[in-house]
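The values are calculated or read from the model by the stated rules, or taken from the named source; none is laboratory data. Source: prediction; values computed, not measured. Ideal geometry is used to build each Cβ from the backbone, glycine not excepted, and the neighbour counts take in all protein chains shown.
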Ligand code: FPP
Ligand code: MG
Ligand code: MG
């Protein structure tokens, strides 16, 4: 039966699928333009942990023995095996050339994960990689995961194009899952990523007329709500909707899909809060990217928003995005002497608990334990 959690390695439970992930994505990305392929693959290859696909695969497996819709209420299995290419314009482009005969994969029975669910995990990682390529252009980043960022290595233009290409190929792969609800979920994720990035860019709100205006000068719970909403859109939407899609592709009931979604939502929020905390507590050499980056980028994340409740002087600095000389250092000091870091950690812990609670009704399995462990381990990570 299930191994005790301290020896459990979540990645080992879905090792076969995880091992094939990078190559499968590369197969989805070949364009016939080697330099485009190279940039598109850049963050796929450099990612060490592939956390999102890992969670999607574990969710697929953890929901395998959960309540299912009756067979006649489920969509037929899709054939996802036809290679995706960019055909020559001399050939007629006919997307329906893909046979809809369901594919059978020998691994399906052994691992309880369907080919569609495996493909979903790959699509999730492709969307993530696209968002990072674009994010690093927007943030003018120089490093990611200890290596030069895509924009620095290949230039802004190639980074943007490669991100768009990833989204295009992810969309083709998504359409081939032949499940309109899942297409809608992942298409919404792409829109949400842009909305989250937009909210972050404008720091505060936009007025009803659409003009950008900064946040208020006094702390109000609305500022924190804005931050949580932004965090959901930027980080938690992808993992929560991918978890829901994994349950749907497995034929799960609505209750199970809701639970999968809630797990992903709370996990995503917890992870981003820890991320925002580490920006204040870890040196850049350990982080693989510059620390104190958020303040320098003008971003008011949870630690500084909590500190603002104690130190009203932070209001004007937040409002001008820490742009005046000395702002970054002053704000950093105030965060350090406030209870902002502690409260950020407590909030991350409470989201992590909610993630674990959400899947409490799932039958016991190693995959479920893996999901629980990921939610707990996120809290103690150092980068
Ligand atoms: C990383 O945040 C950024 C994101 C998770 C989302 C970025 C979204 C866009 C650029 C919109 C375009 C979206 C697509 C799908 C192309 P961060 O800058 O706080 O984290 P970092 O430290 O990892 O850079
Ligand atoms: Mg960034
Ligand atoms: Mg960013």
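A compact table of results
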quantity	calculated
Unmet requirement for residue 283, which otherwise passes all of (1) at pLDDT 95 or above; (2) away from ligand 3 (no atom under 16 Å from the Cβ)	(1)
Subset of segment 326-340 (residues that are closer than 14 Å to residue 279 by Cα and exposed (fewer than 14 other Cβ atoms within 10 Å of the Cβ))	329, 333, 336
One residue from 185, 177 being away from ligand 1 (no atom under 11 Å from the Cβ), in contact (Cβ under 8 Å) with a residue 60 or more places away in the chain and within 15 Å of the chain's Cα centre (by Cα)	185
Some residue of segment 351-364 being more than 26 Å from the chain's Cα centre (by Cα) and assigned to a helix (DSSP H, G or I)	no
Residue in segment 301-320 that is at pLDDT 95 or above, within 15 Å of ligand 3 (Cβ to nearest atom) and closer than 22 Å to residue 349 by Cα present	yes
Residue count, segment 316-330 (criterion: in contact (Cβ under 8 Å) with a residue 40 or more places away in the chain and either within 16 Å of ligand 2 (Cβ to nearest atom) or on the phi > 0 side of the Ramachandran plot (or both))	1
Any helices (runs of 4 or more DSSP H) falling wholly within segment 106-193 and containing at least 2 residues that are away from ligand 3 (no atom under 16 Å from the Cβ) and at pLDDT 95 or above	115-138, 150-154, 156-175
Residue among 349, 309, 313 that is without any contact (Cβ under 8 Å) to a residue 60 or more places away in the chain and on the phi < 0 side of the Ramachandran plot	313
Some residue of segment 375-382 being within 16 Å of ligand 1 (Cβ to nearest atom), modelled with pLDDT under 95 and surrounded by fewer than 17 Cβ atoms within 10 Å (Cβ to Cβ)	yes
Test for residue 264: is it more than 19 Å from residue 64 (Cβ to Cβ) and modelled with pLDDT of 95 or more	no
Cβ pairs under 7 Å, 6+ apart, first in segment 77-90 and closer than 14 Å to residue 33 by Cβ, second part of a loop (DSSP other than H, G, I, E, B) and at pLDDT 80 or above	86/31; 86/32
